[in-house]
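Accompanying notes for the structure given below.
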Amino acid sequence: MLKIGVNTFLLTSPFTNERIDIIRQFKAWGCDAVEIALEDASHIDAHLIKQALDDNDIVCSSICAAMGPGRDLRGTKAEQQNSIDYITQVLEAMAILDCPVMVGPLYSTVGRAEQTGEDAYKAQWDTVAAHLKTLASRADSLGRKLAIEPLNRYETDFINTCDQALELIQAIDHPAVGLLLDTYHMNIEEKDSAVAIRKAGKHLLHVHACGCDRGAPGGDHINWEGIRDALQAIDYSGSLVIESFTPEVKVVAKAASIWRSFEPSLEAIALKGIPFLRSHFGG
C-alpha cells in the first residue's frame, strides 16, 4: 500500500522544532507520511522529531533537499563543499528519523538555468557524478538513499527529464542512488509522464504528486489513470507526496514562482489532494 503524504513547505519555511505541530496536523488531514523540507540539519533535534512521528503514528517518508543559494555541486569549490556538508549532515539526521530517502535536485542550486556549452556541461556533469558517488557511499553506510529529481527548464538547465536523470544515475553507478519524478515537472518536460515512469522502473524511489498548476492533485488535465497504471506496472511501493506551495510561505513562494493561491486555503490543498490520491492509487 502506497503511503500518502505532504511536504512541510505547504505550511512553513524553515521547518524547525518549533513547528513540530505540523506532524499532528498532517496526521489529522489523513496522511500516512510527512516529507520534511529540511533547510539545515541544525534546525531540528532529530530525536525530538522522531518521537513526535512515533506519537502520531506517521512516518517521515523523505527529506526534501533545500538546494538554495550557496549549495551547488556544479558550482564554485565553496558551493560544492557546502552542498557536500549539508547533504552529509542531513543523511545523519535521517538515520535517527528512520527516513529512507533524501530527494530533490541534489546536483545544483534551484533557479540556476543558463545556456551552457557542451564542454562546460560535461565538466559539470563529471563533477556532480563524482560528488554524488561519494555521497551515495555515505548514504549507503547509513542505510539511506538519494533520489535525483529532474526539474523543469525554468528551474534548472542541468537535469530536466527522466532520461537525463537515468543517464546520471548510470554514471554514478551506485545502488544508493535513484530517481524522484514529479508530476508537475513531468507535465512540462516529458512527452508522456506514464512512459517516463515505466522507463524509471526499479530506479524510481519517490513520487511528488501535484496538479498541473502545482496545486492539489486531481481535477486537472494530468493523466492520473496513466500514471497509476505505470506505477502499478513497475511495482512501485514508495510514497506519493503532495509538494505544493502557497504565497503565504514567502521564501518558498518566490523561489517557486508562486504568485497566486491555487485553492481557497492552505488546508484545501491537503483536504482535496489526500483523498484523491488515496482513492485513486489505493493508498
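The values are calculated or read from the model by the stated rules, or taken from the named source; none is laboratory data. Predicted model, so just to flag it, every value in this text is computed and none were measured. All Cβ positions, glycine included, derive from the backbone under ideal geometry; neighbour counts span all protein chains shown.
Consider the stretch 251-283 and keep the residues that are in contact with a Ser or Thr (Cβ under 8 Å, 6 or more places away or on another chain) and either outside any loop (DSSP other than H, G, I, E, B) or at pLDDT 80 or above (or both). The one that is surrounded by the fewest Cβ atoms within 10 Å (Cβ to Cβ) is 251. When the residues of the stretch 98-145 are filtered to those that are of a type in the set (A, V, I, L, M) and out of contact with any helix residue (DSSP H, G or I) (no Cβ under 9 Å at 6 or more places or on another chain), the one that is nearest to residue 38 (Cα to Cα) is 103. Considering (1) out of contact with any Ser or Thr (no Cβ under 9 Å at 6 or more places or on another chain); (2) modelled with pLDDT of 95 or more, say which one residue 12 fails and leave the rest. Looking at each condition in turn, residue 12 falls short on (2). Of all the listed residues (171, 194, 230), the sole one being in a helix (DSSP H, G or I), among the hydrophobic types (A, V, I, L, M, F, W, C), out of contact with any Cys (no Cβ under 7 Å at 6 or more places or on another chain) and within 24 Å of residue 74 (Cα to Cα) is 171.
Restricting 200, 176, 233, 196 to those that are touching an Asp or Glu at 6+ places or on another chain (Cβ under 6 Å) and over 20 Å from residue 63 (Cα atoms) reduces the list to 196. Consider residue 114 carefully, then state whether it is surrounded by fewer than 21 Cβ atoms within 10 Å (Cβ to Cβ), acidic (Asp, Glu) and within 25 Å of residue 161 (Cα to Cα). Yes, satisfied.
Rundown of residues vs (1) crowded, with 19+ Cβ neighbours inside 10 Å; (2) under 22 Å from residue 278 (Cα atoms), yes/no style:
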{"residue": "159", "(1), (2)": "yes, no"}
{"residue": "177", "(1), (2)": "yes, no"}
{"residue": "180", "(1), (2)": "yes, yes"}
{"residue": "190", "(1), (2)": "yes, no"}
{"residue": "194", "(1), (2)": "yes, yes"}
{"residue": "208", "(1), (2)": "yes, yes"}
{"residue": "223", "(1), (2)": "no, yes"}
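With respect to residue 202, determine if the residue is basic (Lys, Arg), closer than 25 Å to residue 3 by Cα, surrounded by fewer than 16 Cβ atoms within 10 Å (Cβ to Cβ) and more than 14 Å from the chain's Cα centre (by Cα). Answer is yes for this residue.
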